[in-house]
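Each remark here refers to the structure printed beneath this line.
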Amino acid sequence: MCLDPILAAAVGAQVVGTFMQNKAAKKVTSERNAVLDAENARQEQFRQQGAQTFADSLGYYQKDPKQTTQTAGEDRAAFIRENAAAPAIATPTRGSAPAIVAEERNRTSDNASRDAGSFADALGLLGGHDAAMFDRRVGLGRNALDLGQNANLAAGSAGVVPLELEAANRAGDRLNGFADLFNGAGQLGMAYSLFGTGPKPTWGSLFGPPASASFRGAPLTAHP
Amino acid sequence: MCLPTLKDNSTELARQREAQRQQAIQQGMSSIDTAFQPFNDDYYSGIQQNALDFYLPQLQDQYRDAHKQSVLSLARSGNLSGSSGADTLARLKKEQEMARARIADRALQYSTTARGDVENARAQLVSQLNASADPSAAASAAVARAGVLSAPPTFDPLGDAFGKFTANLANAAGAERAGYRGLETGLFKLPTGGSARVVN
């Protein structure tokens, strides 16, 4: 049995067309994967930065709150106590006053300074919680800004992905175009070969000397 | 025949624009950080010191006056060298040191408020930068905002720190004059023989 060359060409064209379609689909998949991989890498970087910032924020609450408040209060108390100490003003005494007068005055003055020092310490420690919270708020506020900015950059980067995916979807267009041509030619050839009328061409008629008759249909004769 | 091919590079342009936007935001952040660099620990220590320099001399003047009044009052009553006088002067000293402690606390509050203001201003600028992604606008806004923040803060005036103390001293003398115990000096008591009585 001899295979019809048109049919063979049509089948070949369809095989090539299918192969090209397949290749185009693979190219699209590969391009889409490349887009998604690149974006995943970028998003992972943003995610890591965000996680680091969040860990830093969490760190403010992982310290012992009692110790943090105490330290902040002691810093305040030291500042207040240092500035609470007042320069002494001399108090006149009579020349005949016994030494015990001066001693009594010094004793009560020292007691007064001691009480005022305790007051300064208490005042400083009282503000310890607020001072520690303020430091936390400043740190957390800055971290929140960093996280917001990170999210902004991540969203901006992700916003380009739909466009890139659309472009990736078009990556196989050229191959698909050729595939369509081959498939179309194959379909035409197949239709011609299977449903055409007249004698089918042979390999010899394709590559041999020119036929005296028309390729298909009735022989060429002069009309009367 | 070759047909001219139109290459669609809109995706590359979009990615490029996004990269430029991110770079602009980072540049803007550096501008903001540079503008806010002077607001460091030294700056806030300076605010504390300004508050102390403003209030403490006023308090010292008031203390000097109150001390003088107390010494005169105690001297008049003969109690200056006694334990009552020592107690009175010690109480005055305690009042003074407590007032100084409150001033130091207020100085800390001023610096905390200033730091909060600076942080708020910085946060607003960063938000604006994120929204606009315009580093030049962020930089000029940061410089302007930093200039406003550097303006000296206004401090509330110091009230009369020892008014209560000296008023008590005067009241005690008045009470004694009126026949009550008062300072128990006996100096301000009126003669008991007559019917006349001074009403203050």
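Could you please give the count of residues in segment A:106-159 that are among the charged types (D, E, K, R) and closer than 30 Å to A:Glu39 by Cα? Residues in segment A:106-159 being among the charged types (D, E, K, R) and closer than 30 Å to A:Glu39 by Cα: 2 in total. Residues in segment A:69-99 that are in contact with a Lys or Arg (Cβ under 8 Å, 6 or more places away or on another chain) and in a helix (DSSP H, G or I): A:Asn83, A:Ala84. Of all residues in segment A:48-76, those satisfying the criterion of being under 30 Å from A:Gly156 (Cβ atoms) and without any contact (Cβ under 8 Å) to a residue 12 or more places away in the chain are A:Gln48, A:Ala51, A:Gln52, A:Ala55, A:Leu58, A:Gly59. Of the residues making up segment A:168-198, those that are surrounded by 12 or more Cβ atoms within 10 Å (Cβ to Cβ), modelled with pLDDT under 85 and in a loop (DSSP other than H, G, I, E, B) number 1. Among the residues making up segment B:5-31, those that are exposed (fewer than 14 other Cβ atoms within 10 Å of the Cβ), within 10 Å of chain A (Cβ to nearest Cβ) and under 12 Å from A:Gly156 (Cα atoms) are B:Gln16, B:Arg17, B:Ala19.
Listed by first and then second residue, the pairs with beta-carbon distance under 8 Å, at least 6 apart or on different chains, first residue in segment B:58-75 and touching a residue at least 12 places away in the same chain (Cβ under 8 Å), second of a type in the set (Lys, Arg), are B:Leu59/B:Arg100.
Only a single item in (1) away from chain A (no Cβ under 11 Å); (2) surrounded by fewer than 13 Cβ atoms within 10 Å (Cβ to Cβ) is not met by B:Thr34, and it is number (2).
Go over the candidates A:Asp135, A:Asp146 one by one and state the one that is more than 8 Å from chain B (Cβ to nearest Cβ), of a type in the set (D, E, K, R) and surrounded by 17 or more Cβ atoms within 10 Å (Cβ to Cβ). Spell out the reasoning first.
On the way: A:Asp135 fails: surrounded by 17 or more Cβ atoms within 10 Å (Cβ to Cβ).
On inspection, the qualifying residue turns out to be A:Asp146.
Looking across segment B:93-112, the residues that are touching a residue at least 12 places away in the same chain (Cβ under 8 Å) and more than 8 Å from chain A (Cβ to nearest Cβ) come down to B:Glu95, B:Ala99, B:Arg106, B:Tyr110, B:Ser111.
The values are calculated or read from the model by the stated rules, or taken from the named source; none is laboratory data. Quick caveat: nothing in here was measured; it's all calculated off a predicted structure. Heads up, the Cβs are rebuilt from the backbone with ideal geometry, glycines too, and the neighbour counts pull from every protein chain shown.
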